[in-house]
Amino acid sequence: MDAIEAIRTRRSVRKYLDKEVPKELLETIVDCGRLSATARNEQPWEFIVIVDKELKRKVAEQTDNGKFISEAGACIAVVCKDTKYYIEDGSAATQNILVSACALGLGSCWVAGDKKPYCASILKLLNVPETYRLVSLVAIGYPASIPSPHKRSLNEVLHWNSF
Ligand SMILES: Cc1cc2nc3c(=O)[nH]c(=O)nc-3n(C[C@H](O)[C@H](O)[C@H](O)COP(=O)(O)O)c2cc1C
C-alpha cells in the first residue's frame, strides 16, 4: 500500500481481534514515528510500546474514552520532553504511527493525550520522568471492524488563494 492509499483509507479502529502484533511490525511503526517532522529537529519524543496485557489493561482503565486499548494487541504511548513545540512534534509522530499501522494492515486509534486529567497517572505507571508530557496513547491491533465516519468533502474544505 502506498502512502496516499494509507492516508485515504486509515480510520480509527476501536474493535480488535484477539491476536498479537508481531514485534517487527511494532518496531517499523515506531521507526516511522521517530522519522516525523519536528520543529528545530528537536525530536523530543520517546515511544513506549506496551504489550504486557496487565499493564495495557491498567493504562486502558485510567482513560475515559480509551477502554478499548485493553483489547488491542499493543498500545504505544507517545511522550515528549516539554519543548516549545512538543504538541506539534508529538502529534506529527502520532499521525505517522497511525498511517504506518494502516499501511501494514493494522488498525489503530489515537487516544488523547496532553489535556486529559489521567496524564500524570499514566506517566507514573509507565515510569516516565516528570519532565515529559503524554501526547497520545495509540491502540494498535488487527481490526475486528473498521468504522466509516463522515468526512467533509474536498470541495467543502479546499480553497484556492483565499478563504
Ligand atoms: C487529539 C485526538 C484525540 C483523540 N482521542 C480519542 C479518544 O480518546 N478516544 C477515541 O476513541 N478516539 C479518539 N480520537 C480519534 C478521533 O475520534 C477520530 O480521529 C475521529 O473521530 C475521526 O475518525 P477517523 O480517525 O476514523 O478518521 C482522537 C483523535 C485525536 C486527533
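The values are calculated or read from the model by the stated rules, or taken from the named source; none is laboratory data. These numbers were taken from a predicted model, which means no experiment stands behind them. Please note: Cβ atoms are built from the backbone with ideal geometry, for glycine as well, and neighbour counts cover all protein chains shown. Accessible surface areas use protein heavy atoms only, side chains included; no ligands, DNA or RNA. Shrake-Rupley method; radii C 1.70, N 1.55, O 1.52, S 1.80 Å.
Sequence-ordered 3J(HN,Hα) estimates for the range 16-28 from the Karplus curve with 6.51, -1.76 and 1.60 and θ = phi - 60° stand at 10, 6, 7, 8, 5, 9, x, 4, 4, 5, 5, 5, 4 Hz, glycine and proline given as x. Surface calculation, 1.4 Å probe, protein heavy atoms: K67 sits at approximately 100 Å² accessible. Taken one residue at a time, the phi angles of the range 145-160 give Karplus couplings (6.51, -1.76, 1.60, θ = phi - 60°) of 7, 10, x, 10, x, 4, 10, 4, 6, 4, 4, 6, 9, 8, 10, 9 Hz. Gly and Pro are set to x.
I want the local charge near K151. Using Cβ-Cβ distances under 14 Å, sum +1 for each Lys or Arg and -1 for each Asp or Glu among the other residues. Working shown, then result.
Details: positive: R8, R10, R11, R152; negative: E156.
Here the charged neighbours net out to +3.
Result for the chain in a Gaussian network model with C-alpha springs under 10 Å: among P143, P44, P129, the largest mean-square fluctuation is at P129. When the alpha-carbon atoms of the range 44-97 are used, the pair Rg, Dmax equals 12.2, 34 angstrom. Atom-type composition of the exposed protein surface of the chain places 52 percent of the accessible area on carbon and sulfur (1.4 angstrom probe). For the range 42-47, backbone phi angles converted through the Karplus equation (6.51, -1.76, 1.60; θ = phi - 60°) give residue-by-residue couplings of 6, 6, x, 8, 9, 10 Hz, Gly and Pro being listed as x.
For the range 47-132, the spread of Cα coordinates along the three principal axes comes to 34, 27, 20 Å, biggest extent given first. At a Förster radius of 35 Å, what calculated FRET efficiency corresponds to the Cβ-Cβ distance of E54 and F163, to the nearest 0.05? Between E54 and F163 the formula returns 0.10.
Residues whose amide H falls under 5 Å from that of R14, counting only those 5 or more places apart or on a different chain, are absent, with hydrogens built in the peptide plane.
Which number do you get for Rg(Cα) / (2.2 N^0.38 Å) in the chain? Display every interim value, and only then the final one.
Numbers: Rg = 15.9 Å, N = 163, 2.2 N^0.38 = 15.2 Å.
In units of the 2.2 N^0.38 Å rule of thumb, it is 1.04.
Given the -39500 (n - 2.57) contribution per DSSP H run of 4+ residues, what per-residue ellipticity at 222 nm results for the chain, rounded to the nearest 500 deg cm²/dmol? Please list the in-between numbers first.
Details: 6 runs with 58 residues, N = 163.
It comes out at -10500 deg cm²/dmol, rounded to the nearest 500.
Counting only protein heavy atoms and a 1.4 Å probe, the range 15-163 has 57 square angstrom of accessible area per residue. The calculated FRET efficiency for the pair E130 and K84, based on their C-beta separation and a Förster distance of 22 Å, comes to about 0.75. Projected label points at L35 and A6, each 7 Å from Cα along the beta carbon direction, are separated by 0.8 nanometres.
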